[in-house]
Amino acid sequence: MDEEKFLIGIDLANASPLLIELLIEDSTEPALFREIAKANINRPDILVLIMENPDTPEEVKEEISAMLRVPVKPKKEVVHVQRTPETILQRIQKLSVSERILLALRGGKEVRTILLRDPNKEVALTVMENPKITETEVELIARSRSIAEEALRKITKKREWMKNYNVILALVTNPKTPIPISISLVGDLKTKDLAVLEKSRNVAEGVRLTAKKLVRARKGH
């Protein structure tokens, strides 16, 4: 996916140091580092922040070094500060909604996990547009009973995710999934899962009955 597409409409020249710090913290995309550096050519503090980040690609560090006219620190001199999830959460909570939306679109796994629970629905839904999100994460979202219904609907609209059997099974068995969607997906389940589903008390009656009919039909009854 085109790097520039992510940054359209975002004024990185005025982005807070905290947002930039969170953006680059677990990124290995040279284009992102370059774009931030280019936008902040007149903000030495931001350039230093990028250059001293242990995960910044070496070629980007060299480019920033030339801009600042200072040498690049040897890798052994750069200390990687380990942060706890709680600390990351506290830092994220200091961001504005628009900054959290950008972070949701570009952040790493730890950040995505936190932002999926963001009280602002738009922030949470934007996480699902992050190109780095994995099918395992999508499956967890599909199983979640605390996720917004819109998120479950969003999963069904992405063909790539709906090729994953575990995602389909998670959606059908999640009572938060709209009943029409669950029923439309029941026919994609394996017979052994249908047999479990027809006895489940955690899904709607219509879903159970559909599963029961399919089990009988497949057994020739």
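Among Asp188, Asp118, which is in a loop (DSSP other than H, G, I, E, B) and surrounded by fewer than 19 Cβ atoms within 10 Å (Cβ to Cβ)?
Numbers: Asp118 fails: surrounded by fewer than 19 Cβ atoms within 10 Å (Cβ to Cβ).
Within the list Asp188, Asp118, the selection yields Asp188.
If you check Val111, Val167, Val138, which single one turns out to be at pLDDT below 95, under 30 Å from Leu22 (Cβ atoms) and part of a helix (DSSP H, G or I)?
Details: Val167 fails: at pLDDT below 95; Val138 fails: at pLDDT below 95.
From the options Val111, Val167, Val138, the qualifying one is Val111.
Residues that are touching a Ser or Thr at 6+ places or on another chain (Cβ under 9 Å), without any contact (Cβ under 8 Å) to a residue 24 or more places away in the chain and charged (D, E, K, R) within segment 86-116 comprise just one, Arg100.
Looking across segment 130-162 at every residue that is within 27 Å of Glu29 (Cβ to Cβ) and acidic (Asp, Glu), the one that is surrounded by the most Cβ atoms within 10 Å (Cβ to Cβ) is identified as Glu139.
Report yes if Asp45 is surrounded by fewer than 20 Cβ atoms within 10 Å (Cβ to Cβ) and either at pLDDT below 90 or closer than 17 Å to Arg91 by Cα (or both), otherwise no. I'd like the intermediate steps shown before the answer.
Numbers: surrounded by fewer than 20 Cβ atoms within 10 Å (Cβ to Cβ): yes; either at pLDDT below 90 or closer than 17 Å to Arg91 by Cα (or both): no.
It is false that Asp45 is surrounded by fewer than 20 Cβ atoms within 10 Å (Cβ to Cβ) and either at pLDDT below 90 or closer than 17 Å to Arg91 by Cα (or both).
Would you pick out the residues in segment 107-128 that are in contact with a Leu (Cβ under 6 Å, 6 or more places away or on another chain) and of a type outside the set (Val, Ile, Thr)? Correct list: Ala124 only.
The values are calculated or read from the model by the stated rules, or taken from the named source; none is laboratory data. Small disclaimer: the values here were computed from a predicted structure and weren't measured. When we count neighbours, we look across all protein chains shown, and the Cβ atoms used for this are built from the backbone with ideal geometry, even at glycine.
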